[in-house]
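Encoded as structure tokens, the structure appears first; notes follow it.
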Amino acid sequence: MPTEWSVRAITRAMLPVLLVLALVELGSGLVLGILEDRLLRSPSLLVLVPVTIGTAGNLGSILAARLSTAFHLGTLSFDPSDDTLAGNAVATVALAVTLFPVIGLAAWALAALLGDTTLAPGTVFLVALSAGVALAVLAVAVTLATTYAAYRLSLDPDDVVIPVVTNVCDVLGVVVLFAAVVAFT
């Protein structure tokens, strides 16, 4: 994949992607607006929003960076039986399973320290864990699809995949957290 390093080439490749991603982020704000009343009634859930969104984006970005490196090294295969691909996907989900329960309990503890907690710690734990695992699986799917699309469109995955993954995970983070809140509260 030849890469032209000029302002015009970079702008031509990235401007459409960034414009679409700006519209995607508007969707995240709309979902947050719908969820606003529920979040204001439960401060521990309000604390979870930025942390959940950020952590999901970070997990996707880590996976994207690893896949991009493997792509450039020529070791990435999009075959589902590829050990590198499967190992990175499983590691991303395993990291989410260990991180999100801690995030949930920390959000509850912070809300308890600073004010009123209307939800039990177990509820916040379940919301964080279920949202985190679902987001990790979605982040893996989005990262794989975006990396493959970049490969097929002859775009540099270093330039395209991480912005797409983080923005899509922002929106998915809000939607999945909303679904977990509705399911467990």
- Query: Residue check: is residue 56 at pLDDT 85 or above and within 24 Å of residue 158 (Cα to Cα)?
  - Reply: yes
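Closer than 30 Å to residue 123 by Cβ and out of contact with any Cys (no Cβ under 6 Å at 6 or more places or on another chain) - does that describe any residue in the stretch 6-25?
Yes, because at least one residue in the stretch 6-25 is closer than 30 Å to residue 123 by Cβ and out of contact with any Cys (no Cβ under 6 Å at 6 or more places or on another chain).
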- Task: Kindly establish whether residue 15 is without any contact (Cβ under 8 Å) to a residue 24 or more places away in the chain and over 26 Å from residue 92 (Cα atoms).
- Result: yes
- Note on the structure: When the stretch 1-25 is checked residue by residue, the ones that are loosely packed, with under 11 Cβ neighbours inside 10 Å and either within 26 Å of residue 137 (Cα to Cα) or among the aliphatic types (A, V, I, L, M) (or both) are 7, 15, 19, 22, 23
- Filtered residues of the stretch 26-44 (kept if open to solvent by 90 Å² or more (accessible area, probe 1.4 Å) and within 17 Å of the chain's Cα centre (by Cα)): 26
- Message: Conditions first: (1) within 16 Å of the chain's Cα centre (by Cα); (2) touching a residue at least 60 places away in the same chain (Cβ under 8 Å); (3) over 23 Å from residue 125 (Cα atoms). Residue 66 passes all but one, so which condition is the exception?
- Response: (2)
- Note on the structure: Reported set for the stretch 41-58 where residues are out of contact with any Leu (no Cβ under 6 Å at 6 or more places or on another chain) and among the aliphatic types (A, V, I, L, M) is 48, 49, 51, 53
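Yes or no, residue by residue, for (1) open to solvent by less than 50 Å² (accessible area, probe 1.4 Å); (2) within 14 Å of residue 135 (Cα to Cα):
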residue	(1), (2)
50	no, yes
56	yes, yes
71	yes, no
75	no, no
87	yes, no
106	no, no
114	no, no
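The values are calculated or read from the model by the stated rules, or taken from the named source; none is laboratory data. Treat the numbers as computed from the prediction; the structure is a model and nothing was measured. Note: ideal-geometry Cβ built from the backbone for every residue, glycine included; neighbour counts use all protein chains shown. These area figures cover heavy atoms from the full protein model, side chains too; ligands, DNA and RNA do not enter into them. Shrake-Rupley method; radii C 1.70, N 1.55, O 1.52, S 1.80 Å.
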